[in-house]
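Here is the structure we will look at.
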Amino acid sequence: MPQVLRFAVRRIGRGLLTLWFAATVTFLLLRLLPGDPALAVASPNMTPEARQTLLQQYGLDEPLLTQYGKYLWQLLHGNLGTSFSQQLPVSTVLLQRLPWTLLLTVSSLLVTVAVGIPLGVLAATRPRGFLDRLVQVGGVVGQSLFVPSVGIFLLFVLGLQLHWLPIGGAYSPGVYGTAWYGDVLQHLVLPCFSLVLVQLGSYVLTLRSTLIDSLGEDYCVLAQAKGLPNRKVVWKHALRNALLPTTTLVGLQLGFLVGGAVLTETVFAYPGIGRGIYEAVTQLDFPVLQGAFVLLAATVVLANVLTDLAYGLLDPRVRTA
């Protein structure tokens, strides 16, 4: 088997094992939540017979091991169960919210990369300068910020006080046509900006550090000695190697974005999966919680597998690891 194929199979196998572990932990942790999930599907006014029949319908009266076996079997067949509170397939509930979460996470990641690369390059090419010191201080401060705190601050200042941007939701009722897209973008700014502010620091600081190291390597020094313009040395030679660890960071940041989206969507009442998780917790809706956590875990695992594969293509030495 070719080395590239073996590397891909190993990474995909690890990803599937991680996904199984995440699904199992999700199943067990939800059973430890306080409260009776039967209250979400059974009315207090029901007769004991009717209540028992309803619990049997959802499998809530079965032993834990039996429930776990059925849970894994349904996952393998793409069945996430039925929502207790909405009486709809969990897949339908999540698919209604998934586009909003994807819009928020992808846009914040793209903005972070688009802003982070130029900032990291400028800081690395002017070490100990004003911009470099500003980037370092800003990066450390950004890493210490808490997503909900940033969101509430932006909501209060830019939304409630200055009235520059909408303070909640994903769009305004009654807006249609081409104006709807502009309205969606306006509602996206605050939650997206919240995530960008928190994750930008680690991205810029990592790129700055690795780029400074790359510029000190022999091949960059030789290129400069041959008279190659400094701009080409940075962007064509040094940056390519400096982006290797940064590529890994992008994959890891997606996991942070998924967790941050849950908090951000709650603060801004954004109708994504994160907001759905918050509502499902308050309603003890086990199927929705299980389906949402598995879907988010699958997204993170897929992103990390793709990141590993991309890293392996960029650096052949990784394929032997």
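The values are calculated or read from the model by the stated rules, or taken from the named source; none is laboratory data. Treat the numbers as computed from the prediction; the structure is a model and nothing was measured. Quick reminder, even Gly has a Cβ in these numbers, built from the backbone with ideal geometry, and neighbours come from all protein chains shown. With ligands, DNA and RNA removed, areas are computed over all heavy atoms of the protein, side chains included. Shrake-Rupley method; radii C 1.70, N 1.55, O 1.52, S 1.80 Å.
Condition check ((1) open to solvent by less than 70 Å² (accessible area, probe 1.4 Å); (2) without any contact (Cβ under 8 Å) to a residue 12 or more places away in the chain; (3) closer than 11 Å to residue 196 by Cβ) across all residues:
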site	(1), (2), (3)
101	yes, no, no
106	no, yes, no
111	yes, no, yes
121	yes, no, no
129	yes, yes, no
135	yes, no, no
139	yes, no, no
143	no, no, no
148	yes, no, no
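Taking the range 214-309 and the helices (runs of 4 or more DSSP H) fully enclosed by it, the elements with 3 or more residues that are buried (at least 18 other Cβ atoms within 10 Å of the Cβ) are at 239-267, 273-283. Does the range 247-263 include one or more residues that are at pLDDT 80 or above, over 23 Å from residue 132 (Cα atoms) and in contact with a helix residue (DSSP H, G or I) (Cβ under 9 Å, 6 or more places away or on another chain)? So far as the range 247-263 goes, yes, one or more of its residues are at pLDDT 80 or above, over 23 Å from residue 132 (Cα atoms) and in contact with a helix residue (DSSP H, G or I) (Cβ under 9 Å, 6 or more places away or on another chain). Scanning the range 158-172 for residues that are of a type in the set (A, V, I, L, M), open to solvent by less than 70 Å² (accessible area, probe 1.4 Å) and closer than 30 Å to residue 220 by Cβ turns up nothing.
Flag: residue 122 matches the condition of being at pLDDT 85 or above and touching a Leu at 6+ places or on another chain (Cβ under 8 Å). In the condition set (1) at positive phi; (2) under 25 Å from the mean Cα position of the chain (by Cα), residue 135 is compliant with all but (1). Quick one: is residue 113 at pLDDT below 85 and hydrophobic (A, V, I, L, M, F, W, C)? It is false that residue 113 is at pLDDT below 85 and hydrophobic (A, V, I, L, M, F, W, C). Of the residues making up the range 90-133, those that are of a type in the set (D, E, K, R) and touching an Asp or Glu at 6+ places or on another chain (Cβ under 6 Å) number 1. Out of 308, 285, one residue alone is acidic (Asp, Glu) and at pLDDT below 75. It is 308. Does residue 80 meet the test of being modelled with pLDDT under 85, open to solvent by less than 60 Å² (accessible area, probe 1.4 Å), touching a strand residue (DSSP E or B) at 6+ places or on another chain (Cβ under 9 Å) and of a type outside the set (Asp, Glu)? In short, yes. For the range 53-74, the set of residues classified as modelled with pLDDT of 70 or more, open to solvent by less than 80 Å² (accessible area, probe 1.4 Å) and not in a loop (DSSP other than H, G, I, E, B) consists of 66, 67, 68, 69, 71, 72, 74, listed by residue number.
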